[in-house]
Amino acid sequence: MRRSFLVVAAIAPLLGGCFFFGGPAPPELDRACLADLDNHAISYESIVLPEAHDPQCTVDTAVRVERLEARLRHPATMSCAMASRFDRFEREAVEPLARRDLGRSVAQIEHFGAYACRANTSKRGVLSEHAYGRAFDIAGFRFSDGTTANVARDWRRPGPVRDFLHDVARNACRYFSVVLTPDSNRDHYNHLHLDIGRYRVCSAGV
């Protein structure tokens with residue numbers, strides 16, 4: 001595993017601006033989180049985000065992740081805490097479920113991204129957890145034999161792939177504060193929204 005430090009902004013006004021609830025995260029928490037990623041051989045880069053159009057959009061210990069246990073289809077920017085939590089979820093839940101339900105391993109994670117400086121889709125006056133890098137939208141999975149599980153296509157189609165996706169969503173409620181699925185609302189018809197924000201919502205049928 002190779003890790004580097006990538007400065008995205010030419011001048012780093014947010015260098016000390018990694019935030020958690022209440023203000024900048026203590027440096028020791030930054031170091032501990034990054035050490036956890038290193039210990040699990042996650043392929044990532046520490047980054048400093050350019051200033052967003054909304055100054056409230058801040059990411060605590062931002063990282064650009066290319067690979068966890070499985071490779072991401074394209075790199076995703078998120079908080080270190082979100083990367084660490086998703087890595088644990090993938091190792092402890094997603095991979096065992098893929099082997100149990102489908103007899104395959106996960107080779108690639110299909111996703112719609114993590115960090116995005118935008119409002120909550122249901123509460124326009126409130127920033128989304130994506131604005132803090134604390135949310136990740138999963139569109140599906142590609143397996144070791146080349147087959148796929150796609151949320152938009154397979155969530156309601158009877159069969160083992162649907163069972164796998166539903167099992168993934170139910171287990172996600174043990175790891176994430178909010179789990180939203182195609183059963184939640186129309187905004188989530190094609191992905192699973194997972195976040196580690198301050199609110200607790202699990203709409204995965206547990």
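Please state which one of 119, 152 is modelled with pLDDT under 95, of a type in the set (A, V, I, L, M, F, W, C) and within 30 Å of residue 53 (Cβ to Cβ).
On the way: 152 fails: modelled with pLDDT under 95.
After applying the criteria, what remains is 119.
If a residue has to be assigned to a strand (DSSP E or B) and either at pLDDT below 95 or among the aliphatic types (A, V, I, L, M) (or both) to count, how many in segment 123-141 make the cut?
Adding up the residues that qualify gives 4.
Enumerate the helices (runs of 4 or more DSSP H) found wholly within segment 1-112, keeping only those where 1 or more residues are touching a Cys at 6+ places or on another chain (Cβ under 8 Å), within 26 Å of residue 128 (Cβ to Cβ) and modelled with pLDDT of 75 or more. Give the derivation first.
Details: elements: 27-39, 80-89, 95-102.
Answer list for segment 1-112: 27-39, 80-89.
Could you grab me the full set of residues in segment 147-173 that are surrounded by fewer than 17 Cβ atoms within 10 Å (Cβ to Cβ) and either over 18 Å from residue 106 (Cβ atoms) or not charged (D, E, K, R) (or both)?
147, 148, 152, 156, 157, 158, 159, 160
Could you say which residue among 128, 177 is without any contact (Cβ under 8 Å) to a residue 24 or more places away in the chain and within 30 Å of residue 55 (Cβ to Cβ)?
Working: 177 fails: without any contact (Cβ under 8 Å) to a residue 24 or more places away in the chain.
One residue alone meets the criteria, 128.
The values are calculated or read from the model by the stated rules, or taken from the named source; none is laboratory data. Since the model is a prediction, treat every value here as computed from it, not as a measurement. Cβ atoms come from the backbone with ideal geometry, glycine included; neighbour counts cover every protein chain shown.
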